[in-house]
Amino acid sequence: MKLGAIEGGGTKFVVGIGNEKGEIFDRASFPTTTPEETMARCVEYFKDKDVEAIGFSCFGPIDPDPDSPTYGYVTTTPKPYWANYNALGDLKKAFPNTPIAFDTDVNGACLGEVTFGAGKGLKNVVYYTIGTGVGAGVYVEGNLVHGLVHPEAGHVPLIIREDDPYKGRCPYHGNCLEGMCAGPAIEDRWGKSAKELPVDHPAWDLEAYYIGQALASVVLILSPQKIILGGGVMHQSHLFPMISKYMNQFLNDYIKHDALKDPNYIQWPALGDNAGLCGSIALAMKALEK
Ligand code: ADP
Ligand code: ZN
């Protein structure tokens, strides 16, 4: 099977060719410039590749509802030129006979992990990226979750710790998860890039406290069998056990399941550098199924 993948990020786009085993045979990447130019480069890449289907996972917010008149659009992004842009439309015009699936970057990554990676065989998995922003892909009962739009679990409100004076930097909510824990919030709060903070810096305990709190909520609401945490900030691997500790502290043994205490319950993406492309390959497989 020859499947096409597009990992559309706010900074760069990665395109590639793979198969139903999640093997990637070819890849290319280019910076995200104007949508017209960026989508044209995607079309150019696939023009002579003759793929059976394409999976396109895209930064958002997006409209993932096939019944909506703005299906396939990037919607309210602050990213210059991309707001209300019909990104999927450019692909459909170029490849009218190729099935194309379109979803959020995090739903794509979640599906990739469920199909080929850390969540293989599981039916309920949540995938967070904690990077420039915080987003979550949600897979429940064997399906990616959409709805009004798509889950925005990076913007859940938090209970602020008593010793924390920081107000958060989300323009909509101040101290939501993204406003408190994304890379730019860490830098804003401590005056230093997250990458440069030593592992014994107090930033990390607070970071784990808030992420653990958000994960406790998602465990209560969705009962995931595994939670995968990716994104730049999660390169701080010492955070994983700390997050697990706080998640369990917030849950306070209310939910009786051994998995919650398993050190692999909260896990780094198994697909590593291929996570985005493999997610889009998995989306392409879904497009073919339909
Ligand atoms: P994006 O979210 O834009 O796709 P990333 O997931 O790489 O990109 O996230 C970028 C953010 O992650 C930046 O705010 C950066 O400070 C932070 N970051 C990147 N690498 C590290 C690291 N090793 N430790 C902590 N934070 C990091
Ligand atoms: Zn917010």
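The values are calculated or read from the model by the stated rules, or taken from the named source; none is laboratory data. The structure displayed is predicted, hence computed values, not measured ones. Reconstructed Cβ throughout: ideal geometry from the backbone, glycine too, with neighbour counts over all protein chains shown.
What the table below lists for this structure:
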{"quantity": "Search result, residues across segment 62-83 that are buried (at least 22 other Cβ atoms within 10 Å of the Cβ), farther than 22 Å from Pro171 by Cα and touching a residue at least 60 places away in the same chain (Cβ under 8 Å)", "calculated": "Pro64"}
{"quantity": "Residues satisfying the stated conditions in segment 194-207, i.e. surrounded by fewer than 23 Cβ atoms within 10 Å (Cβ to Cβ) and either within 14 Å of Ile130 (Cα to Cα) or within 21 Å of the chain's Cα centre (by Cα) (or both)", "calculated": "Lys195, Trp204"}
{"quantity": "Tally of residues being free of Cβ contacts under 8 Å to residues at least 40 places away in the same chain and either under 17 Å from Ala287 (Cβ atoms) or among the acidic types (Asp, Glu) (or both) across segment 16-46", "calculated": "5"}
{"quantity": "Filter pass, Phe13 being part of a strand (DSSP E or B), touching a Pro at 6+ places or on another chain (Cβ under 9 Å) and modelled with pLDDT of 95 or more", "calculated": "yes"}
{"quantity": "All positions within segment 105-159 that are within 16 Å of ligand 2 (Cβ to nearest atom) and among the polar types (S, T, N, Q)", "calculated": "Thr129, Thr132"}
{"quantity": "Extreme residue, surrounded by the fewest Cβ atoms within 10 Å (Cβ to Cβ), among residues of segment 149-191 that are part of a loop (DSSP other than H, G, I, E, B), of a type in the set (A, V, I, L, M, F, W, C) and modelled with pLDDT of 95 or more", "calculated": "Ile159"}
{"quantity": "Any hit, segment 226-237, residues being more than 16 Å from ligand 1 (Cβ to nearest atom), in a loop (DSSP other than H, G, I, E, B) and either modelled with pLDDT of 95 or more or over 23 Å from the mean Cα position of the chain (by Cα) (or both)", "calculated": "no"}
